[in-house]
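Novice: The structure under discussion is supplied below as structure tokens; questions concerning it will follow.
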Amino acid sequence: MINVLFFARLKEDVGQGQMQLDDSFVGQSIAQLRQHLIAQGMSALQDDSIRMALNQNFCSADHKIQAGDEVAFMPPVTGG
């Protein structure tokens, strides 16, 4: 499973704080996952200023996803 987290305004915009996906995204990039989520109606992820993290480390969109990974999407300023 892949755990996907949404923070701050993204959590409100997509209507959930987290979701779990099956391993069909293993080997794909975070950018590909993001495009899939946008196609599923999560248009808030189209914002180019969104930061991405893989396993609690900021990363670029080209990082590949592995089974058990945690992918997080957050606006550039995230409050407590």
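Novice: List every residue pair whose Cβ atoms sit under 7 Å apart, with the two residues 6 or more apart in sequence or on different chains, where the first one lies in region 61-73 and is under 21 Å from Ala44 (Cβ atoms) and modelled with pLDDT of 95 or more and the second, anywhere, is open to solvent by less than 30 Å² (accessible area, probe 1.4 Å) and in a loop (DSSP other than H, G, I, E, B).
Specialist: Note: pairs meeting the criteria are Val71/Ile65; Phe73/Ile50.
Novice: For region 1-29, how many residues are within 16 Å of Pro75 (Cβ to Cβ) and of a type in the set (D, E, K, R)?
Specialist: 4
Novice: Answer with yes or no whether Ile30 is in contact (Cβ under 8 Å) with a residue 40 or more places away in the chain, in contact with a His (Cβ under 7 Å, 6 or more places away or on another chain) and open to solvent by less than 60 Å² (accessible area, probe 1.4 Å).
Specialist: Taking the combined requirement at face value, the residue satisfies it.
Novice: Given Gln32, Gln46, which one is over 12 Å from Pro75 (Cα atoms) and polar (S, T, N, Q)?
Specialist: Gln32 is the lone residue from the list that is over 12 Å from Pro75 (Cα atoms) and polar (S, T, N, Q).
Novice: Still on this structure: Only residues that are charged (D, E, K, R) and in a strand (DSSP E or B): list them for region 58-80, please.
Specialist: Lys64, Glu70 - these are the residues of region 58-80 that are charged (D, E, K, R) and in a strand (DSSP E or B).
Here is a yes/no grid of residues against (1) touching a residue at least 24 places away in the same chain (Cβ under 8 Å); (2) in contact with a helix residue (DSSP H, G or I) (Cβ under 8 Å, 6 or more places away or on another chain); (3) open to solvent by less than 60 Å² (accessible area, probe 1.4 Å):
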residue: Glu12; (1), (2), (3): no, no, no
residue: Gly15; (1), (2), (3): no, no, no
residue: Phe25; (1), (2), (3): yes, yes, yes
residue: Met52; (1), (2), (3): no, yes, yes
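Novice: Quick check on my filter: what residues within region 30-48 are within 8 Å of the chain's Cα centre (by Cα) and not hydrophobic (A, V, I, L, M, F, W, C)?
Specialist: Arg34
The values are calculated or read from the model by the stated rules, or taken from the named source; none is laboratory data. Since we're looking at a predicted model, the values are computed, not measured. Cβ atoms come from the backbone with ideal geometry, glycine included; neighbour counts cover every protein chain shown. With ligands, DNA and RNA removed, areas are computed over all heavy atoms of the protein, side chains included. Shrake-Rupley method; radii C 1.70, N 1.55, O 1.52, S 1.80 Å.
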